[in-house]
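Structure record follows, encoded as structure tokens.
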Ligand code: NCD
């Protein structure tokens with residue numbers, strides 16, 4: 001039962017619960033008009049303390065397409081946090097107006113803290129370099145649509161695996177399905193955090209870490225590209241040194257499988273050359289569209305309005 005639940009980390013929901021969201025998203029894709037009044041009279045509050053294009057707009061589009069309405073802010077400077085209001089007071093305030101909240105914040109753990117005072121479902125739309133579970137729902141839906149199931153896959157994660165919250169959430173979610181193995185492709189400065197490797201070891205999930213994409217691209221069923229997370233670097237020189245570590249182009253894809261699925265949470269900076277966009281294996285713009293359907297399904301589930 002997902003009604004009334006918060007979603008802070010991608011492990012908060014069981015694989016069955018995640019599957020029920022993916023299945024509902026697929027039903028919505030097949031006949032969106034059937035769901036266009038599910039959220040009549042309901043209000044979503046969006047609190048974005050950090051920039052966003054896709055996540056905020058897809059949450060808003062999702063609620064509007066379900067018949068609901070949206071309030072919120074897209075920029076910390078237009079909220080009372082600039083007057084010194086604490087996060088928990090802001091949450092208590094908006095939660096007394098809205099039926100559910102989606103929040104993005106610069107600080108790791110902020111969504112967890114916010115959820116502890118929030119009487120309505122609170123969805124983490126990204127907390128610093130920690131997690132981004134609704135991107136994971138989007139990614140899983142994309143993988144299921146492309147591969148039929150999120151299991152038995154060799155998944156390459158490439159780029160900024162240290163600060164990339166979408167990677168952390170997706171690795172944790174995919175490690176729960178059988179027979180997935182992971183290849184982490186990054187410069188050593190941007191390795192996946194140790195706590196995630198400890199968890200994979202505990203679960204007995206196979207993984208390895210390498211630096212060169214070319215060495216493994218032919219093994220991959222899914223390639224998850226990410227940008228180097230400029231805003232999380234302490235030092236500009238380090239960012240400049242690492243920002244172009246990977247650029248996926250047609251040449252690198254020559255040895256890749258014919259049915260490779262190339263994903264990217266976007267925004268892209270330089271890590272995928274635009275010449276790849278027309279390759280049928282490039283799924284990242286389809287993935288953007290799935291984000292809205294995944295969030296529609298999530299909203300329906302946490303509001304408990306499935307019988308609309
Ligand atoms: C990601 C994020 O915000 O973590 N973007 C998104 O939500 N689609 C990825 C990123 O910013 O690199």
Projected-area mean, region 110-183, by convex hull of Cα positions, square nanometres
5.6
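Output the peptides 124-133, 208-217 sorted from most to least packed, where packing is the average of other Cβ atoms within 10 Å over each peptide's residues.
Working: 124-133: 25.4, 208-217: 14.5.
Ranking the peptides 124-133, 208-217 by packing returns 124-133, 208-217.
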Tell me the angle of helix 284-303 to the major Cα principal axis of the chain, expressed in degrees between 0 and 90 and rounded to the nearest ten.
40
Per principal axis, descending, Cα span of region 192-288 in whole Å:
37, 36, 27
What is the P(r) of the chain, as percent of Cα-Cα pairs per 10 Å bin from 0?
6, 28, 35, 23, 8, 0
Using r as the Cβ-Cβ distance of residue 244 and residue 306, and R0 as 45 Å, what FRET efficiency do you calculate, to the nearest 0.05?
0.45
Which residue, 59, 233, 73, has the most motion in a Gaussian network model of the chain that connects Cα atoms within less than 10 Å?
233
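Pulled fully out, how much extra length does the chain show between residue 199 and residue 40, if you take 0.36 nm times their separation in residues and subtract their Cα-Cα distance?
Numbers: separation 159, 0.36 × 159 = 57.24 nm, distance 4.15 nm.
Stretched out fully, the residue 199 to residue 40 stretch lengthens by 53.1 nm.
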For residue 86 and residue 71, extending 7 Å from Cα along the Cα-Cβ vector and measuring point to point gives, in nm, a value of 2.2
Round to the nearest 10 and give me the degree value, 0 to 90, for the angle of helix 165-174's Cα axis relative to the longest principal axis of the chain.
80
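Based on the alpha carbons, how large is the Rg to Rh ratio for region 242-308 when Rh follows Kirkwood? Before the final figure, lay out each step's value.
Values: Rg = 16.4 Å, Rh = 14.1 Å.
Reported Rg/Rh (Cα atoms, Kirkwood Rh): 1.16.
Could you work out [θ]222 nm for the chain from helices alone, using -39500 (n - 2.57) per DSSP H run of at least four and dividing by all its residues? Round to the nearest 500 deg cm²/dmol.
Computed ellipticity for the chain at 222 nm equals -10500 deg cm²/dmol.
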If the viscosity is 1.567 mPa s and the temperature 4 °C, what translational diffusion coefficient in µm²/s does Stokes-Einstein give for region 129-230 when Rh comes from Kirkwood over Cα pairs?
96
Spherically averaged projected area in nm², based on the convex hull that wraps the Cα atoms of region 163-211
3.1
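Could you rank the peptides 108-118, 238-248 by their average count of other C-beta atoms within 10 Å per residue, with the highest value first?
Details: 108-118: 18.6, 238-248: 16.6.
Packing proxy ranking, top to bottom: 108-118, 238-248.
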Roughly what would the spin-label model give for residue 31 and residue 254, points 7 Å off Cα along C-beta, in nm?
4.9
Relative packing of peptides 19-25, 218-224 - highest average C-beta neighbours within 10 Å first:
218-224, 19-25
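Computed from the coordinates by the stated procedures, all read-outs in this text should not be read as laboratory data. It should be emphasised that the depicted structure is a prediction, and the values quoted were computed from it without experimental measurement. Here the Cβ is made from the backbone with ideal geometry for all residues, glycine too, and neighbour counts use every protein chain on show.
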